[in-house]
Amino acid sequence: MAAVTVWKRPSRTWTAMEPYYRPWSYLDELESWASDMWEGWKPSYHHGYWHHAYPRMDMYEYKDELWLWAELPGLKKEDIDISLEGDCLTIKAEKKAREVPEDARYYYNELCYGTYSRSFTLPYPVDGEKLTATYADGVLEVRLPKAEEAKAKHIEVRVK
């Protein structure tokens, strides 16, 4: 008597997450290589490149105002300049280097110095006359009230 063995292949469905053939997969490798290459060209945040180390900021709307917070540690309020031109808010700051004797020997050189500038396009018109700014404990807080034309208006709908 002859024995018959039936071989079954496991059924498998291919999904978008598991493509059988990816003709452009080499681009992933190329992108990774290019990214690594450019990482090496980034300036260090040390040695005075403070203008590349953008301070972190938050901006959100609350009621009829835009609120902005910026972390600017190590500055004096005199070193910060805020300007508003149309719908563009610009924050400029300068962190001055401390005087160090010429023959000093560094063991760590991580502090950043220099000029910094960052501009934002605001989402709606604001009243520049009522702009307020405070600076305490290394945090700049700016409040920008909405201009009257940007505030929501209630319009009553009449049914005839």
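The values are calculated or read from the model by the stated rules, or taken from the named source; none is laboratory data. What you are looking at is a predicted structure, and each value in this text was computed from that prediction instead of being measured. Heads up, the Cβs are rebuilt from the backbone with ideal geometry, glycines too, and the neighbour counts pull from every protein chain shown.
Within the range 85-123, how many residues turn out to be farther than 17 Å from G74 by Cα and within 20 Å of the chain's Cα centre (by Cα)?
Residues meeting the conditions: 10.
Filter the range 108-148 for residues that are more than 18 Å from L89 (Cβ to Cβ) and loosely packed, with under 15 Cβ neighbours inside 10 Å and give the result.
Listed by number, the residues that qualify are Y108, N109, E110, L111, A136, D137, G138, E148.
How many residues are of a type outside the set (K, R), at pLDDT 85 or above and not in a strand (DSSP E or B) if we restrict to the range 26-63?
0
Could you list, in sequence order, the residues of the range 138-160 that are charged (D, E, K, R) and under 21 Å from the mean Cα position of the chain (by Cα)?
Selection gives E141, R143.
Can you tell me how many residues within the range 113-131 are of a type in the set (K, R) and assigned to a strand (DSSP E or B)?
Residues that pass the stated criteria total 1.
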